[in-house]
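Visitor: Sharing a structure here in structure tokens format.
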Amino acid sequence: MDQTTPLLLVPGLASSARIYAPVLPALWRLGPVMIANHIRDDSMPAIAARVLREAPPRFALAGHSMGGYIALEIMRQAPERVLKLALINTQARPDTPEATARRRGLMERARRGELRAVREESFPELVHPSRRDDADILKLVHAQDEDVGVDGYLRQQTAIIARVDSRPTLSAIRCPTLVLTGDADNTIPNAFSKEMADGIAGARLVILDRCGHLPQPEQPEATARALTDWLAS
């Protein structure tokens, strides 16, 4: 990547700029870095459109989890502006009825003031089994809850529920693409990452060892290496 090419990073559900902190020093050395604010709208098209309004004219794009859903919407709206694409622990599939029902239950709990409890209960499934007692990563999760807030969380969940199936448009992606996941992601199985990599011509699939759904804090060195290799290729 040319050192003048900006990198746009998109966080996931209930995540903020903090999720990328463990890998930012390595990425920053390669050029300008911008982190999208994705908590202000309640549909994927609206979120993507706002991100595009605030983004540089052309950029490399990386999205984690929900951020990957946003990245795929950006690829539909303005593919000519994206020079490179990284899809991190995400999927191209739409929500299932079962997932939507679960989300609506979590949203109701968040409205009752239980967002912190919801996130704490889900933590063991977010990370590799070896990280389930990792107080630093749990602290990071709770700090991001505060960053996003209940209203932002509700808007994000609403957007995720209504997202479209991105599988039919994967073949239209022409830019160099990295698909990154963890070998123990229980939130979005890495089989869905393989599905995306198979659907995008020339995509590179990287599966990190001993890693769950949060590769940036779980495996920062390996994640940074995969992303810098992608940017430099």
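The values are calculated or read from the model by the stated rules, or taken from the named source; none is laboratory data. Just so we're clear, the structure is a prediction, and the values are computed from it rather than from any experiment. Every residue, glycine as well, gets a Cβ built from its backbone with ideal geometry; the counts of neighbours run over all protein chains shown. When the accessible area is computed, the model is the full protein with side chains, heavy atoms only, and any ligands, DNA or RNA have been set aside. Shrake-Rupley method; radii C 1.70, N 1.55, O 1.52, S 1.80 Å.
Visitor: Quick check on my filter: what residues within the range 165-204 are surrounded by 17 or more Cβ atoms within 10 Å (Cβ to Cβ) and assigned to a strand (DSSP E or B)?
Guide: Within the range 165-204, THR177, LEU178, VAL179, LEU180, THR181, GLY182 qualify.
Visitor: Sticking with this one: Counting only residues that are outside any helix (DSSP H, G or I) and either among the charged types (D, E, K, R) or open to solvent by 70 Å² or more (accessible area, probe 1.4 Å) (or both), how many does the range 103-135 have?
Guide: Initial filter on the range 103-135 (outside any helix (DSSP H, G or I)): 112-114, 127-128, 132-134.
When the remaining residues are screened for being either among the charged types (D, E, K, R) or open to solvent by 70 Å² or more (accessible area, probe 1.4 Å) (or both), the result is 112, 114, 132-134.
Residues flagged as outside any helix (DSSP H, G or I) and either among the charged types (D, E, K, R) or open to solvent by 70 Å² or more (accessible area, probe 1.4 Å) (or both) within the range 103-135 amount to 5.
Visitor: Can you name every residue in the range 165-217 that is in contact with a Phe, Trp or Tyr (Cβ under 9 Å, 6 or more places away or on another chain) and of a type in the set (A, V, I, L, M, F, W, C)?
Guide: LEU178, LEU180, VAL206
Visitor: Out of all the residues in the range 56-65, which are outside any strand (DSSP E or B) and more than 16 Å from GLY182 (Cβ to Cβ)? Please lay out each step first, then the result.
Guide: Filtering the range 56-65 down to residues outside any strand (DSSP E or B) leaves 56-58, 65.
If the condition is that a residue be outside any strand (DSSP E or B) and more than 16 Å from GLY182 (Cβ to Cβ), then PRO56, PRO57, ARG58 are the ones that fit.
Visitor: Among residues belonging to the range 33-55 that are of a type in the set (A, V, I, L, M) and part of a helix (DSSP H, G or I), point out the one that is nearest to PRO94 (Cα to Cα). Break it down into steps so the answer makes sense when it comes.
Guide: Here is the first cut: in the range 33-55, the residues of a type in the set (A, V, I, L, M) are 33-36, 39, 44, 46-49, 51-52, 55.
This time we only want the ones that are part of a helix (DSSP H, G or I), so: 44, 46-49, 51-52.
Values: MET44: 12, ALA46: 17, ILE47: 17, ALA48: 16, ALA49: 19, VAL51: 21, LEU52: 22 Å.
Ranking the candidates gives MET44 first.
Visitor: Shifting gears a bit: Does THR96 satisfy the criteria of being over 23 Å from LEU138 (Cα atoms), open to solvent by 40 Å² or more (accessible area, probe 1.4 Å) and within 20 Å of the chain's Cα centre (by Cα)? Walk me through it before giving the result.
Guide: On the way: over 23 Å from LEU138 (Cα atoms): yes; open to solvent by 40 Å² or more (accessible area, probe 1.4 Å): yes; within 20 Å of the chain's Cα centre (by Cα): yes.
Taking the combined requirement at face value, the residue satisfies it.
Visitor: If GLY212 satisfies all but one of (1) open to solvent by 30 Å² or more (accessible area, probe 1.4 Å); (2) not in a helix (DSSP H, G or I), what's the number of the condition it fails?
Guide: Result: GLY212 passes all but (1).
Visitor: A further question on this structure: Among the listed residues LEU8, LEU72, LEU13, LEU30, which satisfies the condition of being out of contact with any Asp or Glu (no Cβ under 6 Å at 6 or more places or on another chain), assigned to a loop (DSSP other than H, G, I, E, B) and farther than 21 Å from GLU146 by Cβ?
Guide: Values: LEU8 fails: assigned to a loop (DSSP other than H, G, I, E, B); LEU72 fails: assigned to a loop (DSSP other than H, G, I, E, B); LEU13 fails: farther than 21 Å from GLU146 by Cβ.
Every option except LEU30 fails the conditions.
Visitor: Can you tell me which of (1) at pLDDT below 95; (2) in contact with a Leu (Cβ under 9 Å, 6 or more places away or on another chain); (3) farther than 21 Å from ASP134 by Cβ is the one PRO189 doesn't meet?
Guide: Against the list (1) at pLDDT below 95; (2) in contact with a Leu (Cβ under 9 Å, 6 or more places away or on another chain); (3) farther than 21 Å from ASP134 by Cβ, PRO189 comes up short only on (2).
Visitor: Based on what the data block shows, is ALA26 in contact with a strand residue (DSSP E or B) (Cβ under 8 Å, 6 or more places away or on another chain), closer than 30 Å to ASP136 by Cα and either touching a residue at least 40 places away in the same chain (Cβ under 8 Å) or open to solvent by 40 Å² or more (accessible area, probe 1.4 Å) (or both)?
Guide: Details: in contact with a strand residue (DSSP E or B) (Cβ under 8 Å, 6 or more places away or on another chain): no; closer than 30 Å to ASP136 by Cα: yes; either touching a residue at least 40 places away in the same chain (Cβ under 8 Å) or open to solvent by 40 Å² or more (accessible area, probe 1.4 Å) (or both): yes.
So ALA26 fails the test.
Visitor: Quick check, is ALA78 more than 23 Å from ASP145 (Cβ to Cβ), open to solvent by less than 30 Å² (accessible area, probe 1.4 Å) and more than 17 Å from the chain's Cα centre (by Cα)?
Guide: Details: more than 23 Å from ASP145 (Cβ to Cβ): yes; open to solvent by less than 30 Å² (accessible area, probe 1.4 Å): yes; more than 17 Å from the chain's Cα centre (by Cα): yes.
Spelling it out, ALA78 is indeed more than 23 Å from ASP145 (Cβ to Cβ), open to solvent by less than 30 Å² (accessible area, probe 1.4 Å) and more than 17 Å from the chain's Cα centre (by Cα).
Visitor: Can I ask one more? Is it the case, given these coordinates, that THR223 is surrounded by 22 or more Cβ atoms within 10 Å (Cβ to Cβ), polar (S, T, N, Q) and outside any helix (DSSP H, G or I)? Write out each step before concluding.
Guide: Values: surrounded by 22 or more Cβ atoms within 10 Å (Cβ to Cβ): yes; polar (S, T, N, Q): yes; outside any helix (DSSP H, G or I): no.
Answer is no for this residue.
Visitor: A further question follows. With respect to SER65, determine if the residue is open to solvent by less than 50 Å² (accessible area, probe 1.4 Å), over 18 Å from VAL164 (Cβ atoms) and not basic (Lys, Arg). Write out each step before concluding.
Guide: On the way: open to solvent by less than 50 Å² (accessible area, probe 1.4 Å): yes; over 18 Å from VAL164 (Cβ atoms): no; not basic (Lys, Arg): yes.
Criteria not met by SER65.
Visitor: Taking ALA14, is it free of Cβ contacts under 8 Å to residues at least 40 places away in the same chain, touching a Gly at 6+ places or on another chain (Cβ under 9 Å) and buried (at least 17 other Cβ atoms within 10 Å of the Cβ)? Break it down stepwise before answering.
Guide: Working: free of Cβ contacts under 8 Å to residues at least 40 places away in the same chain: no; touching a Gly at 6+ places or on another chain (Cβ under 9 Å): yes; buried (at least 17 other Cβ atoms within 10 Å of the Cβ): yes.
No, not satisfied.
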